[in-house]
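The values are calculated or read from the model by the stated rules, or taken from the named source; none is laboratory data. None of these values were measured; they are calculated from a predicted model. Note that each Cβ is placed from the backbone with ideal geometry, even for glycine, and that neighbours are counted across all protein chains shown.
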Amino acid sequence: MKRWLTIVLMVLPLLSFAHQDTIYHTPDTTSGEEYKYYVDLTRQPDAVKAVWLGAIFPGAGQMYNRSYWKLPIVYGAFMGCGYAVGWTNNRCTNYKNAYIDLYADIEAGTVTEDPSKSYIAVIPDGYSLSSVGGASTWMNTLKNQQSVWRRYRDYSILATVVVYALTLIDAYVDAQLFDYDISPDLSLNVEPQIYYDLQHRHSAELKFAIQF
């Protein structure tokens, strides 16, 4: 918790600096105050700055573009990926430790059914070491499970990198399309037209015009 609080405190000044170009002041003649401050919400975001902010702190690019509704999606995706990485890594570590302990006990000839042993703790409920094929068979199973969960952990890390890249792409595209006109007044007109060239020759044509 302290780590996240420290990160937030470090990012807040950065976001304030990013929005400095949106704050203006004008004389306020009605209230008698010398200046009146306001924020220009029509300011065109800088796409490069949005990417840099998002690279330093995920989600900062969306905040800079004022796309606040995307923040739950961004942080929800990162939380899901973080949970997946942690869970799969714990499973991989448990099977790795169980494999190492079982190998050591086999070499020492001290294999037991003691529940405190790591290789016994990972056996499914209702099963014993003998019911899963014995120490040698279970050691091979632990090795395979370790590989499986390592692969799942790597997939989770890759998913996290993909989510990170998508947040940067979204911040860049959102900034570039900030003032893109999406007016519903879009029409297609088809009409005949007579075309004259430099030699005063004419020809009939069909004209397509998109109005937006």
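Any idea which of Tyr99, Tyr180, Tyr127, Tyr152 is at negative phi, modelled with pLDDT of 95 or more, surrounded by fewer than 18 Cβ atoms within 10 Å (Cβ to Cβ) and not β-branched (Val, Ile, Thr)?
On the way: Tyr99 fails: surrounded by fewer than 18 Cβ atoms within 10 Å (Cβ to Cβ); Tyr180 fails: modelled with pLDDT of 95 or more; Tyr127 fails: modelled with pLDDT of 95 or more.
On inspection, the qualifying residue turns out to be Tyr152.
If you scan region 125-156, which residues turn out to be of a type in the set (A, V, I, L, M, F, W, C) and in contact with a Ser or Thr (Cβ under 9 Å, 6 or more places away or on another chain)?
Filtering region 125-156 for residues of a type in the set (A, V, I, L, M, F, W, C) gives 129, 132, 135, 138-139, 142, 148-149.
Matches in region 125-156: Leu129, Val132, Trp149.
Going by what's in this entry, would Leu142 be described as in contact (Cβ under 8 Å) with a residue 12 or more places away in the chain and not charged (D, E, K, R)?
Working: in contact (Cβ under 8 Å) with a residue 12 or more places away in the chain: yes; not charged (D, E, K, R): yes.
Judged against the criteria, Leu142 is a match.
Which count do you get for residues in region 61-86 that are closer than 13 Å to Leu166 by Cα and among the small types (Gly, Ala, Ser)?
2
For residues in region 124-140 being in a loop (DSSP other than H, G, I, E, B) and among the small types (Gly, Ala, Ser), which is farthest from Ile100 (Cα to Cα)?
Checked region 124-140; the qualifying residue farthest from Ile100 (Cα to Cα) is Gly126.
Tell me, please, whether a residue that is over 39 Å from the mean Cα position of the chain (by Cα) and exposed (fewer than 12 other Cβ atoms within 10 Å of the Cβ) can be found in region 115-123.
yes
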